Amino acid sequence: MEDGKTDLVVVVGGSGYLGLHLLAELAKCQAHKYRVAYTYHSQPPSPQLQQHLPNVKSFQVDLVSGHGLDSISALGFPRVVVNCAALSNPRACEQNPNVAMAVNVPRTVVEWLTSMNAPTLPLLIHLSTDQVYEGIKSFYTEDDETKPVNVYGRSKVVAEIYVKSNYANYAILRSSIIYGPQPFIPLPKTLPLQWIDGVLSGGGEGEFFCDEFRCPIYVKDVVNVIELLIAKSIATEGSHMHLVLNLGGPDKVSRADMADVVAEVQGYNKEFVKRVSALSVNRGVASPSDISMDIRNLVAEVGINLTSFVTGVALTLHSTPSSLE
């Protein structure tokens with residue numbers, strides 16, 4: 001093993017928004033904790049990414065076929081695999097249900113992990129979604145029935161069932177909207193708060209849904225939760241996790257509420273936030289009305305103090321892209 005370090009952490013889908021934030025944090029403590037590798041699908045790492053993560057190995061992987069996963073084994077047995085990869089756009093999933101199921105159900109990852117006969121079964125941290133819930137009440141618990149209203153949610157339910165039925169060491173995290181600053185390599189995609197800020201900063205009126213509720217979570221809280229689970233797994237070698245946790249922030253908000261907070265933090269006129277019903281727009285996909293989540297089990301499991309939404313907005317909009325410096 002490289003430099004005598006034996007603990008390998010693999011981030012599947014490391015070139016996405018959460019993946020890049022996670023890699024940046026893992027790389028900070030890489031020298032004295034563990035080795036880090038990540039997978040990407042089609043876009044090779046840029047020179048800038050390679051410069052920032054010189055000791056982090058990258059592997060091109062097709063999650064549908066599993067091609068490329070075995071090449072990671074050259075680094076040794078992973079202790080933890082974090083699966084951030086997904087087709088997460090609900091409308092795209094609705095239009096391509098077969099693709100959604102093929103990508104979002106981690107069959108090839110689980111098959112790879114079970115086939116390697118590692119002396120310690122790696123922990124699989126799998127990112128799921130709050131959209132596994134139907135959305136007809138507030139503050140869902142992990143024990144509530146999963147009854148999704150769209151293909152994206154259904155694919156994630158199938159993924160959860162597959163992981164629980166076929167793997168013995170897992171932590172499934174049902175994530176709400178993840179928001180925060182751009183990662184150290186800014187992505188071309190429009191991020192939630194930055195989009196709202198762009199609408200309101202022009203001094204014009206913006207329409208925001210007032211009747212769909214979620215518990216957005218600050219990206220650095222998500223990274224902290226994952227890091228704590230990684231550390232717990234490595235510290236308790238030989239023991240297995242069987243966790244399903246709601247991964248949300250402490251505040252239940254609508255899109256209009258989110259816009260109000262952005263306006264408050266940025267000093268915009270709140271009158272520009274026009275509150276409209278989600279039913280007024282045909283998005284080509286059903287969307288749950290209220291999938292706010294009870295996060296007491298998350299807090300109890302990892303002991304984290306979660307960032308309030310107003311604080312997260314201020315940290316997001318008053319910061320520059322994250323850096324490894």
* **Size of electric dipole in the stretch 101-251: Cβ of Lys, Arg +1 and of Asp, Glu -1, about Cα centre, debye, nearest 20** => 500
* What is the gain in length, in nm to one decimal, between Asp143 and Asn117 on full extension, counting 0.36 nm per residue of separation less the C-alpha to C-alpha distance? -> 6.2 nm
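Using only DSSP helix segments of four residues or longer, with each worth -39500 (n - 2.57), what per-residue ellipticity at 222 nm results for the chain after dividing by its residue count and rounding to 500?
Values: 12 runs with 116 residues, N = 325.
Roughly -10500 deg cm²/dmol at 222 nm, from the helical runs in the chain.
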* Cross-link reach list, lysines versus Lys164, counting only Cα pairs under 20 Å and skipping chain neighbours closer than eight places -> Lys147, Lys156, Lys232
* **From phi via Karplus (6.51, -1.76, 1.60), per-residue ³J(HN,Hα) for the stretch 95-109 in Hz, x at Gly/Pro** => 7, 9, x, 5, 5, 4, 5, 5, 7, 7, 8, x, 4, 5, 5
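Please find the FRET efficiency linking Ala231 to Thr190, where r is the Cβ-Cβ separation and R0 is fixed at 25 Å, and quote it to the nearest 0.05. Show your work: numbers first, answer last.
Values: r = 33 Å, r/R0 = 1.33.
Efficiency, rounded to the nearest 0.05: 0.15.
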* Structure fact -> Per 5 angstrom bin, beginning at 0 and ending with the bin that holds the maximum distance, the Cα pairs of the stretch 59-138 fall in percents of 3, 13, 22, 22, 15, 11, 8, 4, 2, 0
* Structure fact -> A 1.4 Å probe over the protein heavy atoms gives the stretch 150-230 a carbon and sulfur accessible-area percentage of 55
* Asked: With the contact rule set at Cα under 8 Å and sequence spacing of 6 or more, what percent relative contact order holds for the chain?
  -> 20
* Structure fact -> Averaged per residue, the 1.4 Å probe accessible area of the chain, protein heavy atoms only, in Å², is roughly 44
* Asked: In degrees between 0 and 90, to the nearest 10, how far off the longest principal axis of the chain does helix 151-166 point, with axes built from Cα atoms?
  -> 30
* Asked: Which label belongs to the value computed from this structure, given these candidates for volume of the Cα convex hull per residue in Å³: [x] 184; [y] 152; [z] 130?
  -> [z]
* **Positive-end extreme of charge dipole, the chain - chosen from Gly135, Thr307, Leu26 (charges on Cβ)** => Leu26
* Asked: Most fluctuating residue of Lys270, Lys189, Lys137 in a GNM of the chain with Cα springs under 10 Å: which is it?
  -> Lys189
* To do: Treat every Asp and Glu Cβ in the chain as -1 and every Lys and Arg Cβ as +1, leave all other atoms uncharged, and give the resulting dipole magnitude about the Cα centre to the nearest 20 debye.
  => 420
* Regarding the stretch 1-99, what is the average projected area of its C-alpha convex hull, in nm²? -> 6.7
* To do: Could you grab the relative contact order for the stretch 134-266? Cα pairs under 8 Å, six or more apart, rounded to a whole percent.
  => 35
* To do: Would you please classify the overall shape of the stretch 247-325 from the alpha carbon gyration tensor, given that a ≥ b ≥ c denote the square roots of the eigenvalues, rounded means a/c under 1.5, and beyond that prolate means a/b larger than b/c while oblate covers the rest?
  => oblate
* **the stretch 142-220, relative contact order in percent, only Cα pairs under 8 angstrom and at least six apart counted** => 33
* Mind pulling up the Rg/Rh value for the stretch 150-263? Radius of gyration and Kirkwood radius, both on Cα. => 1.06
* Which of the lysines could a cross-linker span from Lys189 if the Cα-Cα distance has to be under 16 Å and same-chain partners fewer than 8 positions apart are dropped? -> none
* Nearest-ten-degree value, helix 255-266 long axis tilted from longest Cα axis of the chain -> 90
* Structure fact -> In a Gaussian network model of the chain with springs linking alpha carbons closer than 10 Å, the residue among Gly203, Gly13, Gly66 that fluctuates most is Gly203
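Around Pro148, what is the net charge, scoring Lys/Arg as +1 and Asp/Glu as -1 over all other residues with Cβ under 9 Å from its Cβ?
Working: positive: Lys147, Arg154, Lys156; negative: Glu134.
Charge balance in the 9 Å sphere: +2.
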* Three-way shape label, the stretch 132-214, alpha-carbon gyration tensor, a/c 1.5 -> oblate
* Asked: Mind checking which of Pro47, Pro148, Pro192 has the largest fluctuation in a GNM of the chain, springs on alpha carbons under 10 Å?
  -> Pro47
* Asked: Dipole of the stretch 21-156, Cα-centred, from +1 at each Lys and Arg C-beta and -1 at each Asp and Glu C-beta, to the nearest 20 debye?
  -> 420
* Asked: Nearest 10 degrees, 0 to 90: what angle lies between the long axis of helix 17-28 and the longest principal axis of the chain (Cα atoms)?
  -> 50
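The values are calculated or read from the model by the stated rules, or taken from the named source; none is laboratory data. Quantities reported herein were computed from a predicted structural model and do not represent experimental measurements. With ideal geometry, Cβ positions are generated from the backbone for all residues, glycine too; neighbour counts draw on all protein chains shown. SASA here: full protein model, heavy atoms, side chains in, ligands and nucleic acids out. Shrake-Rupley method; radii C 1.70, N 1.55, O 1.52, S 1.80 Å.
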